[in-house]
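Undergrad: Before I ask anything, here is the structure I am working with.
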Amino acid sequence: MAALLNPILSMAANPSQVGFVSHLPTGFPNFSSVNKGAGKVLASTQITLSPKDSAFTITGSSWKPDSFSDDPRSDEPRLNNHFSHLQGLVTKGQKPNATHSTQLLYDLCKANRLKKAIRVIELMVSSGVIPDASAYTYLVNQLCKRGNVGYAMQLVEKMEDHGFPSNTVTYNALVRGLCMLGSLNQSLQFVERLMEKGLAPNAFTYSFLLEAAYKERGTDEAVKLLDEIIERGGEPNLVSYNVLLTGFCKEGRTDDALKMFRELPEKGFKPNVVSYNICLRCLCCDGRWEEANALLAEMDGGDRTPSVVTYNILINSLAFHGRTEQALEVLNEMSKGNHQFRVTATSYNPVIARLCKEGKVDLVVKCLDDMIYRRCKPNEGTYNAIGALCEHNNNKVQEAFYIIQSLSNKQRCCTHDFYKSVITSLCRKGNTFAAFQLLYEMTRCGFDPDSHTYSALIRGLCNEGMFDGAMEVLSIMEESEYCKPTVDNFNAMILGFCKIRRTDLALEVFEMMVERKRMPSETTYVIIVEGIAHENELELAKEVLEELRSRKVVGQNAVDRIVMQFSLDLNG
């Protein structure tokens with residue numbers, strides 16, 4: 001098995017040779033193949049689709065990897081039954097139970113079935129049931145969090161038309177949603193309209209606007225916006241100023257942050273632990289230790305008592321600057337004295353990462369032993385920290401493997417599952433080279449990678465732009481007698497190409513999958529439809545989705561989510 005990994009290991013060791021993206025034609029001349037490919041997708045379900053002549057246009061739209069996760073819930077049949085029951089009652093002219101309907105709305109939101117949740121609100125209103133204000137606001141908030149601000153605004157307008165006025169909390173969800181989309185101008189115009197309606201923005205509104213302002217236009221512009229807010233009678237709170245402090249720190253303007261921090265009492269605010277932590281992080285990042293110590297001395301109780309975040313800032317900064325001994329002293333101090341915070345892997349990981357980077361294996365082992373002694377469970381960050389031993393300048397792959405092996409033994413868990421978790425964690429965090437190095441050692445000790453492990457490797461290689469390497473993994477699996485590629489492995493490859501807006505290449509992989517007699521899953525079809533939509537070919541995505549739905553290879557829940565995400569207008 002170890003021998004099978006040699007070609008991939010060689011590629012991972014020389015990423016410059018496998019940067020497949022750099023070899024792709026810049027003009028993308030063959031996008032008519034996507035229309036043909038879409039036909040093949042539908043042909044796999046025995047559906048025919050009329051060819052389209054329109055060419056694809058490459059756009060700069062952002063990609064949301066999470067959008068591909070359909071994540072079916074175990075209680076989905078129950079939700080569907082309850083929804084059908086509610087719909088049946090209203091159709092018969094009966095009034096549904098308000099409490100049960102509200103609970104269904106919450107449950108649908110938690111299961112990411114937002115279109116059905118909206119329908120629940122509509123059914124309640126049409127039958128004369130008054131929706132609970134908090135549930136209605138919760139739905140608006142969930143829509144905005146998932147980027148469906150347009151749907152949220154339409155819902156608010158419909159509710160107002162039916163005599164359900166919205167409050168500042170509801171409108172704040174819309175403001176925050178607009179700000180998250182990077183639409184500061186639209187957010188400001190929206191707030192203006194609210195004020196014309198007589199609704200007064202509150203401190204939370206201002207904080208959302210200020211955060212959007214420093215992210216889009218810089219902190220100086222955010223400060224000007226705050227001045228305008230105050231001139232117009234607005235009353236920001238300490239949170240608003242903490243947002244500006246964060247802005248200064250992210251821009252590396254420590255002195256400006258400290259100046260504003262010291263001016264807070266003049267503005268009527270006492271800095272809290274969050275304010276102190278922001279400035280402390282700035283000083284520590286700059287290596288201004290004496291000033292950091294002086295600031296720490298001021299954190300003497302009340303709202304400015306040091307928190308676990310304070311300690312982690314110190315540990316992280318000291319480790320980053322190579323002061324691991326001092327970082328360990330702070331770590332030990334965490335569980336002593338008046339505070340006695342519970343130490344977690346988050347506190348240990350920066351120290352382990354630094355020691356691994358310096359190749360100090362003995363100290364790494366000692367630190368991990370101390371961690372286990374304190375019943376502190378290693379996490380994804382721990383494995384990635386250990387992965388630093390595999391870097392070219394360290395070349396301590398065997399030592400890294402022995403450490404991983406030792407962790408598995410000490411935690412008394414299934415070795416196969418533990419190794420699989422380590423490889424997956426490394427790939428997820430962009431540490432695929434270390435993953436291959438460790439996998440090679442693991443296979444020499446009898447570990448057989450399964451389909452899940454290979455999918456993690458394919459995703460990791462794709463995320464790092466090494467598409468030749470990812471395709472090679474599929475080839476190796478085809479040649480192997482032990483683990484043939486599954487639908488999930490092909491899906492990982494298809495997703496990788498869709499993320500770089502190369503749906504034409506994704507469709508070639510799809511065709512290969514069908515030729516290998518692997519039956520596409522609902523996830524396969526969803527990835528391809530979303531890939532087409534992200535290339536801004538919405539009409540083609542809509543047509544393919546409608547056909548797939550009619551053939552019942554894509555469920556209604558997936559259809560609803562795609563329709564909402566891309567604002568597609570499907571028939572029926």
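Undergrad: From the C-alpha coordinates alone, can you work out the Kirkwood hydrodynamic radius of the stretch 305-354, in Å?
TA: About 10.5 Å, per the Kirkwood formula over Cα pairs.
Undergrad: Over the stretch 378-477, with the other protein chains present, what is the accessible area per residue in square angstrom, probe 1.4 angstrom?
TA: Accessible area per residue: 37 Å².
Undergrad: Past the 27 Å Cα-Cα mark, which pairs from K115/K499; K499/K542; K336/K396?
TA: Listed pairs above 27 Å: K336/K396.
Undergrad: If you don't mind, another one. Sort M334, M153, M180 from largest to smallest accessible area, using a 1.4 Å probe on the heavy atoms of the protein chains.
TA: Heavy-atom accessible area, descending, gives M180, M153, M334.
Undergrad: Still on this structure, I have one more. So, R0 is 45 Å and r is the distance between the beta-carbons of S126 and K215; what FRET efficiency does that work out to, to 0.05?
TA: Using R0 = 45 Å, I get an efficiency of 0.65.
Undergrad: Another question about this same structure. Given points 7 Å out from each Cα along the Cα-Cβ axis, report the I372 to E160 separation in nanometres with one decimal.
TA: The modelled label-to-label distance comes out at 6.1 nm.
Undergrad: Relative contact order, percent, of the chain when contacts are C-alpha pairs under 8 Å separated by at least 6 residues?
TA: Contact order relative to length: 16 percent.
Undergrad: For the chain, which whole-number percentage of the solvent-accessible area (1.4 Å probe, protein heavy atoms only) is attributable to carbon and sulfur atoms?
TA: Carbon and sulfur atoms account for 49 percent of the accessible area of the chain.
Undergrad: Enumerate by residue number the trypsin sites (Lys or Arg not before Pro) in the stretch 214-251 meeting two conditions: DSSP loop (anything except H, G, I, E, B), and at most 16 other Cβ atoms within 10 Å of the site's Cβ.
TA: R232
Undergrad: When all C-alpha to C-alpha distances in the stretch 98-227 are sorted into bins of 5 Å, what percent of pairs does each bin hold, rounded to whole numbers?
TA: 2, 11, 20, 22, 17, 12, 9, 4, 2, 1, 0
Undergrad: Then there is this: To make sure I understand the rule: partners must be aspartates and glutamates, Cα under 14 Å from the Cα of K145, and not fewer than 8 residues away in the same chain. Which ones qualify?
TA: Hits, sequence-local ones excluded: D66.
Undergrad: Can you classify the stretch 431-471 as rounded, prolate or oblate using the Cα gyration tensor, where a ≥ b ≥ c are the square roots of its eigenvalues, rounded means a/c under 1.5, and otherwise it's prolate if a/b beats b/c and oblate if not?
TA: Since a/c reaches 1.5 and a/b is larger than b/c, the shape of the stretch 431-471 is classed as prolate.
Undergrad: Can you pull the three principal axis extents for the Cα set of the stretch 135-200, in Å, largest first?
TA: Computed over the Cα atoms, the extents are 31, 26, 16 Å.
Undergrad: Further, regarding this structure: Express in whole angstrom the spacing between the alpha-carbon centres of the stretch 501-560 and the stretch 96-171.
TA: The two parts, judged by their Cα centres, are 30 Å apart.
Undergrad: Loop-only GluC sites (Glu not before Pro) in the stretch 452-559, please: DSSP not H, G, I, E or B, and at most 13 other Cβ atoms within 10 Å.
TA: Here the GluC sites (Glu not before Pro) that fit, given the DSSP loop and packing criteria, are E481.
Undergrad: Over the stretch 412-515, one equal point on each Cα, no solvent: what is log10 I(q)/I(0) by the Debye formula at q = 0.10, 0.15, 0.17, 0.25 Å⁻¹?
TA: One equal scatterer on each Cα of the stretch 412-515 leads to -0.26, -0.58, -0.74, -1.42.
Undergrad: Where does the chain land at 222 nm, in deg cm²/dmol rounded to the nearest 500, when only DSSP H runs of n ≥ 4 count, each adding -39500 (n - 2.57), divided by all residues?
TA: Rounded to the nearest 500, the figure is -20500 deg cm²/dmol.
Undergrad: What span do the alpha-carbon atoms of the stretch 264-319 cover on each of the three principal axes, reported in whole Å from largest to smallest?
TA: 36, 20, 15
Undergrad: In terms of the Cα gyration tensor, with a ≥ b ≥ c the square roots of its eigenvalues, is the stretch 319-429 rounded because a/c is under 1.5, prolate because a/b exceeds b/c, or oblate?
TA: oblate
Undergrad: Right, another one. As a test of understanding, state the convex hull volume per residue of the stretch 217-336 from its alpha carbons, in Å³.
TA: 100 Å³
Undergrad: Moving on to the next point. What list of whole percents do you get for P(r) of the stretch 367-428, with Cα-Cα distances grouped in 5 Å bins up to the one holding the largest distance?
TA: 4, 18, 29, 28, 17, 5, 1
Undergrad: Considering every Cα-Cα pair within the chain, what fraction, in whole percent, is farther apart than 36 Å?
TA: 52 percent
Undergrad: Note down the accessible area of H100, probe 1.4 Å, to the nearest 10 Å².
TA: 130 Å²
The values are calculated or read from the model by the stated rules, or taken from the named source; none is laboratory data. Remember, predicted model here, so these are calculated numbers, not experimental data. Backbone-built Cβ (ideal geometry, glycine too); neighbour counts: all protein chains shown. Only protein heavy atoms, including side chains, enter the accessible area calculation; ligands, DNA and RNA are left aside. Shrake-Rupley method; radii C 1.70, N 1.55, O 1.52, S 1.80 Å.
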